[in-house]
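Here's the structure we're looking at; comments come further down.
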Amino acid sequence: MSAPGPRPEPPLWRRLVYGRSLKRTLLRAALLMSVAFVVFRFILIPVRIEGDSMAPTYRDGGVNFINQLAYARHPPRRGDVVGVMMAGRRVMLFKRIVALPNERFSIARGRVFIDGQPLDEPYVRERSPWEITPRTLGPDEYLLIGDNRGMDQRLHVFGAAKADRIVGKVLW
Amino acid sequence: MKSRLQILAVAAIGIACLVFLFQRLFPNEERRIRKRLDGLASLVASAEGGSTARGLLAADRLRDYLTSDIEIEIEVPGERRQTFSGRQDIIRAALAARAAYGGLKVAFLDVRVTLGPGNESASVSTTVRASQPGQRDVFYQEMKLTLQQEDRQWRVRKAETVKSLQL
């Protein structure tokens with residue numbers, strides 16, 4: 001009885017297609033797919049930006065991710081750029097949080113006022129003369145506006161949303 | 001051991017196929033509503049350079065998707081609020097839209113169906129996506145549809161735009 005010799009090397013084409021062991025390659029692929037599925041479904045939602053309402057900070061056609069765990073430990077903060085649900089998560093609005101729950105806000109000649117004080121917004125480059133009379137947000141509401149304030153007020157989608165509509169924070 | 005595993009695997013695949021087949025042959029109400037909405041979207045959409053005859057045919061088929069007392073309330077940014085009521089009015093408006101926007105593509109995304117008591121009515125929350133070939137801008141609008149079952153067919157009774165952000 002002789003000891004078995006070393007296993008013969010599989011041919012090059014087979015090593016290029018699925019490595020030394022098909023079983024291991026399939027296992028690795030399945031593991032990778034499972035991890036990718038969990039990450040991109042439940043943690044980071046990939047998004048493609050459409051439209052100019054967040055210009056110049058985010059341009060039309062850009063790619064980003066919405067981090068759904070961003071608000072697991074703390075509530076949304078002023079200045080955060082967030083994804084806001086429409087009917088679901090396949091299409092989201094991409095806006096910046098400008099005012100927090102229970103705050104009183106107004107917009108006069110394009111400048112945002114929070115509780116009577118002008119808000120410093122370094123991300124805004126141009127301002128059209130937007131006007132919103134003072135109003136107070138509810139206990140669970142956030143004011144969301146895009147960075148492109150040079151747009152006509154009537155064409156810019158902005159306003160208050162309840163916290164449950166906020167899906168997460170933009171990754172970068 | 002190996003043959004037992006093989007039998008289990010074959011059984012699991014067989015059960016999955018049966019479930020799939022059953023769902024296809026006997027769709028539940030939610031699936032039927034989704035299918036109706038897909039049909040509605042393809043009727044509202046128009047082929048680029050489509051003929052008037054094709055438009056009229058689509059309008060005639062559209063009748064089957066709407067109740068006679070249908071109401072539509074539309075309010076989109078930059079436009080005044082518009083209300084349409086009655087099937088004839090809406091078919092006329094749809095024909096005009098098809099003629100005005102050649103190659104219009106419509107899709108109902110993120111469809112969420114809530115069935116009413118006795119499965120006689122349903123409320124659908126959706127995001128409508130409309131695009132035209134060659135146009136950079138894609139239009140998205142959150143909408144709420146109220147459907148009613150008439151003669152075993154789901155028909156739209158009311159369609160209204162929803163403001164995702166309120167002021």
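Below, the figures for the structure above:
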| read-out | value |
| --- | --- |
| Residue exposure sequence - A:Lys169, A:Lys162 - by fewest surrounding Cβ within 10 Å | A:Lys162, A:Lys169 |
| Fraction of beta bridges assigned by DSSP in the stretch B:25-161 that are antiparallel (%, nearest 5) | 90 percent |
| Lys/Arg +1, Asp/Glu -1 at C-beta; the stretch A:1-104 dipole; positive extreme among A:Pro46, A:Ser21, A:Leu69 | A:Ser21 |
| Residue mean of other protein chain beta carbons inside 10 Å, A:45-55 | 1 |
| Net +/- balance of residues flanking A:Leu137 in space, Cβ distance below 14 Å, scoring K and R +1, D and E -1 | +1 |
| Distant-in-sequence amide H partners of A:Val112 (H built 1.01 Å from N, under 5 Å) | A:Leu119 |
| Residue-by-residue Karplus 3J(HN,Hα) for the stretch A:79-94, coefficients 6.51, -1.76, 1.60, Hz, glycine and proline x | x, 5, 9, 10, x, 10, 4, 8, 7, x, 9, 6, 10, 10, 8, 10 |
| Order of A:Asp115, A:Asp147 - criterion: other Cβ atoms within 10 Å of each residue's Cβ, fewest first | A:Asp115, A:Asp147 |
| Shielding score for A:92-104, defined as the mean number of other chain Cβ atoms within 10 Å | 1 |
| Positive-end residue, the protein assembly as shown charge dipole about Cα centroid, Cβ charges, pick of A:Asn102, B:Leu21, A:Leu12 | A:Leu12 |
| Environment charge of A:Val35, counting only residues whose C-beta is closer than 15 Å and scoring Lys/Arg +1, Asp/Glu -1 | +2 |
| Pairs beyond 21 Å (Cα-Cα), from A:Lys162/B:Lys158; B:Lys105/B:Lys144; A:Lys162/B:Lys105; A:Lys95/B:Lys144 | A:Lys162/B:Lys158; A:Lys162/B:Lys105; A:Lys95/B:Lys144 |
| For A:Gly146, residues with placed amide H under 5 Å, excluding near neighbours | A:Arg96 |
| Angle in degrees between helix B:29-44 and the longest Cα principal axis of chain B, rounded to the nearest 10 | 40 degrees |
| Electrostatic dipole magnitude of the stretch B:1-130 [Cβ: Lys, Arg +1; Asp, Glu -1; Cα centre; debye, to 20] | 660 debye |
| Equivalent ellipsoid, chain A (semi-axes from 5 times Cα gyration tensor eigenvalues, Å) | 51, 17, 11 |
| Among B:Ile91, B:Ile70, B:Ala130 the positive-end extreme of the charge dipole of the stretch B:1-152 (Cβ point charges) | B:Ala130 |
| Dipole magnitude of chain A about its Cα centre (Cβ charges: Lys, Arg +1; Asp, Glu -1), debye to nearest 20 | 1040 debye |
| Top of B:Ala97, B:Ala45, B:Ala107 by mean-square fluctuation, Gaussian network on chain B, Cα under 10 Å | B:Ala97 |
| Relative contact order of chain B, pairs being alpha-carbon contacts under 8 Å that are 6 or more residues apart, as % | 20 percent |
| Rounded FRET efficiency, nearest 0.05, which uses the C-beta distance separating A:Tyr18 from B:Glu73 and R0 of 41 Å | 0.10 |
| The protein assembly as shown: equivalent-ellipsoid semi-axes (sqrt of 5 x gyration tensor eigenvalues, Cα, Å) | 43, 34, 20 |
| Angle between chain A longest axis and helix A:22-38 axis [Cα atoms, degrees, rounded to 10] | 10 degrees |
| Whole-Hz couplings from phi, Karplus 6.51/-1.76/1.60, listed for the stretch A:50-60; x for Gly and Pro | 10, x, 10, 5, 9, 5, x, 5, 10, 9, 4 |
| Charge dipole (debye, nearest 20) of the protein assembly as shown; +1 at Cβ of Lys and Arg, -1 at Cβ of Asp and Glu | 1680 debye |
| Exposed GluC sites (Glu not before Pro) absent: longest stretch of chain A, with sites in DSSP loops and at most 12 other Cβ within 10 Å deemed exposed | A:1-125 |
| Residue-wise HN-Hα coupling along the stretch B:69-77, computed from phi with Karplus coefficients 6.51, -1.76, 1.60 (Hz; x: Gly, Pro) | 9, 4, 10, 10, 10, 10, 9, 10, x |
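Any read-out appearing in this document is the output of simple, stated calculations on the displayed coordinates, not a laboratory observation. The model shown is predicted, which means the values in this text are computed figures rather than measured ones. Note that each Cβ is placed from the backbone with ideal geometry, even for glycine, and that neighbours are counted across all protein chains shown.
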